[in-house]
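Down below is the structure, laid out as structure tokens.
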Amino acid sequence: MASVGIFGLLMLLIMFTLFILNIATSVWAYRDAKRLGRSNEYALLILIGTIVFPVIGLIIYLIIRKD
């Protein structure tokens, strides 16, 4: 087994943190859409969009959100 090293562990930690952040923001966007009274299909579309396209999906959702 090859030695990963400190750089490899740091990269793994960063990737794991970004993954958790992606999941958290996707769940937030889904719950926010439901809280605003959107349909289940719309909220599911938001969830899928923010999981597949994390940064762009969240930015687009925040633009079309309409408080």
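Derivation of every value follows stated rules applied to the coordinates shown; laboratory data play no part. Worth saying up front: this structure is predicted, and the values here are computed from it rather than measured.
Summary of values
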| read-out | value |
| --- | --- |
| Kyte-Doolittle mean at least -0.5, axial Cα span of 20 Å or more - DSSP H helices of the chain | 5-35 |
| Relative contact order %, the chain, counting alpha carbon pairs below 8 Å whose residues are six or more apart | 28 percent |
| Å³ per residue enclosed by the Cα convex hull of region 21-67 | 56 Å³ |
